[in-house]
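Single-structure report; data block below.
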Amino acid sequence: LMGCWSRVYLGLLLAFSSSLFAAQVSDIPTDREVRIGVYIGTYDPPHEGHRIVAEAAAKAGLVDFVLFLANDNSHHKPNATPFLIRKRMTELVAEDSKVMIVPEYHPHPTKFYTETSLIALKERFPNIRFFGMMGTDVAARMDEIYPDQKYWMGRMEAFIVNERAGQGDL
């Protein structure tokens, strides 16, 4: 029985301590231009593949940080897990990453989480440049998936499209 409690204690300790080492909005420098990848998805669930793509974009020098944003308006997936649960899952996947940032959620009566996050970041850090990130599966269906997401898409300087197995190049 003691072994079981030790594992639970160690798991809790790691869960709380790893969040101390995760990238935060406050880590974004203000003294230089910063490239921010904007990686939006339903994330139901987010998984290690999402993290690998985000980390690879930073390692390749395409971005300095990646905003990991669960879409709070998944109209194309009406049976998706509730937003706040999916957001918490993105936080867990991003834990201990030095480049993945999950912004705080501030409910707004007329704006989506993605929009409010981008507005708040641009106001706080005028030195940032936004780059959209998506897989080829999403890029091929952008008009279908994001008809009401023109705000965030229009704020991107360019898009980084990751080839997904079996999807082919775009």
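Computed from the coordinates by the stated procedures, all read-outs in this text should not be read as laboratory data. Being a predicted model, the structure only gives us computed values, none of them experimental. Neighbour counts run over all protein chains shown; Cβ positions are idealised from the backbone, glycine included.
Length gained on full extension, Glu33 to Asn73, computed as 0.36 nm times the residue gap minus the Cα-Cα distance: 11.4 nm.
Over segment 29-72, the reciprocal of the mean inverse Cα-Cα separation, the Kirkwood hydrodynamic radius, stands at 11.2 Å. Candidate cross-link partners of Lys98 among the lysines, defined by an alpha-carbon separation under 26 Å and a same-chain spacing of 8 or more, comprise Lys59, Lys87, Lys122. When each of the peptides 152-163, 57-68, 113-124, 76-87 is scored by how many other beta carbons lie within 10 Å of its residues on average, the order from highest to lowest is 57-68, 113-124, 152-163, 76-87. Modelled spin-label separation between Ser26 and Leu84, with each label point placed 7 Å from Cα along the Cα-to-Cβ direction: 2.4 nm. Suppose we look only past 22 Å in the calculated P(r) of segment 19-134. What percent of the Cα-Cα pairs does that tail hold? Of the Cα pairs, 28 percent sit more than 22 Å apart.
A straight chain from Glu48 to His108 at 0.36 nm per residue would run longer than the Cα-Cα distance by 18.6 nm. Projecting label points 7 angstrom from Cα along Cα→Cβ for Ala56 and Glu163 puts them 1.0 nm apart. Note on Glu123 and Glu144: the extension gain reaches 4.6 nm, defined as 0.36 nm multiplied by sequence separation minus the Cα-Cα distance.
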